[in-house]
Amino acid sequence: ELRLVLLGGTGSGKSAAGNIILGREERNQDSTSRATATSTSTSTLTQQSESTQGEVAGRKVTMVDTHDWFSPGLSLVKLRQDVELCVHLSAPGPHAFLLVIPVKQPTGEQKGMLEKIEEIFGERFWRTTMIIFSVTEELQKKNIEEFIQSGDQEVQRLVEKCGKRFHCLNIKESGDGSQVSELLVKIEKMVEENREKFYSSEIYLETESQIRAMETKILKEIEEKRMEGEKEMKEKIDKEVQESLRKIEGVIQEHEGNITQLNDRTSELERKMKEEMDEVKKKELEMELQREVERRREMEEKVNKLKEKRERERKEMEERHK
């Protein structure tokens, strides 16, 4: 049995490559050519890892087509779940990972792919990996070396990481059995040269642990950002509160200064009333005194309210720092 795992982004030709290798025109249709294959797949777009079995050149092949693990929108939880499913479907471990890359104008799709793969699988992954360049015409096959050398640097890095192991697969030529036979020869040669023979379940378990570590790291970073945001917000609020307290304190001092002046003024009016003999003038002084007393009362009331507000804001600030 040969266990293969297909990796690649959406639109890379990954699923089509799997169909070509197993000799299937379309998923869920029996092939009339080189292979007889069965599958539990029900959709063209791979939503999760799925396994297909077939016989190719007299050899049983298990093909696991994975979800797009490189999609920016894929959560780590979903990634871990799909890696776990891939582990189950390819047990006790795949002989080869086939990383499918389309031969087309660079679009930046491969950017960060190498780092993402190493984060998931570790350095040992590359020992059991071959790149499949998916093409749609024979001319692309002939110019593949030129595509690698003059193309996307990310593609060059991936080819180097795989020990320059790659194979061109025309995903439009399902009847060309030679391209699949050549691929199997390359895979068998890679397996033969690899000391570990296949990427074992034990390594997979390490991979799962690495993904969990990634989850923990990201959650920690999110929490740190949240706490940093809270700290910045708290500091901003405290700054605003302190500015408010400063203004309140200034107004209180101004009002208290006015109250002191009013106290002096009322004392002066009371003294004049006692000394004044003219009843008319005395009455005028009395009315003026009442006005000043009322002004002082209003001013004292304002000061008391401002002091209450000041105390309230101080307590709120202290609560935020507990």
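General observations
- Ranking of ASP264, ASP82 by count of other Cβ atoms within 10 Å, fewest first: ASP264, ASP82
- Cross-link partners for LYS186 among the aspartates and glutamates, with Cα-Cα distance under 19 Å and sequence neighbours closer than 8 places in the same chain left out: GLU1, GLU55, GLU145, GLU160, ASP176, GLU196.
- Efficiency of FRET from Cβ geometry, LYS307 and LYS272, R₀ 30 Å, rounded to 0.05: 0.35
- Overall, the stretch 228-320 carries a charge dipole of about 60 debye about its Cα centre when +1 sits on the Cβ of Lys and Arg and -1 on the Cβ of Asp and Glu, all other atoms neutral.
- Spatially proximal lysines relative to LYS142 (Cα-Cα < 16 Å; intrachain offsets below 8 disregarded): LYS104, LYS172
- Per-peptide average of other Cβ atoms within 10 Å, ordering 235-243, 292-300 highest first: 292-300, 235-243
- Site pair HIS88 and GLU55 shows an inter-label distance of 2.8 nm when each label is modelled 7 Å from Cα along Cα→Cβ.
- Spin-label pair SER181/MET227, simplified geometry with 7 Å Cα→Cβ offset, distance in nm: 6.4
- Inter-centroid distance (Cα atoms) of the stretch 250-281 relative to the stretch 64-131, Å: 88
- LEU219/VAL251 FRET efficiency (R0 45 Å; Cβ-Cβ; nearest 0.05): 0.45
- Counting only lysines at least 8 places from LYS283 when in the same chain, those with an alpha carbon closer than 17 Å to its own are LYS272, LYS274.
Rule-based calculations on the coordinates, nothing more; no lab input. Small disclaimer: the values here were computed from a predicted structure and weren't measured. All Cβ positions, glycine included, derive from the backbone under ideal geometry; neighbour counts span all protein chains shown.
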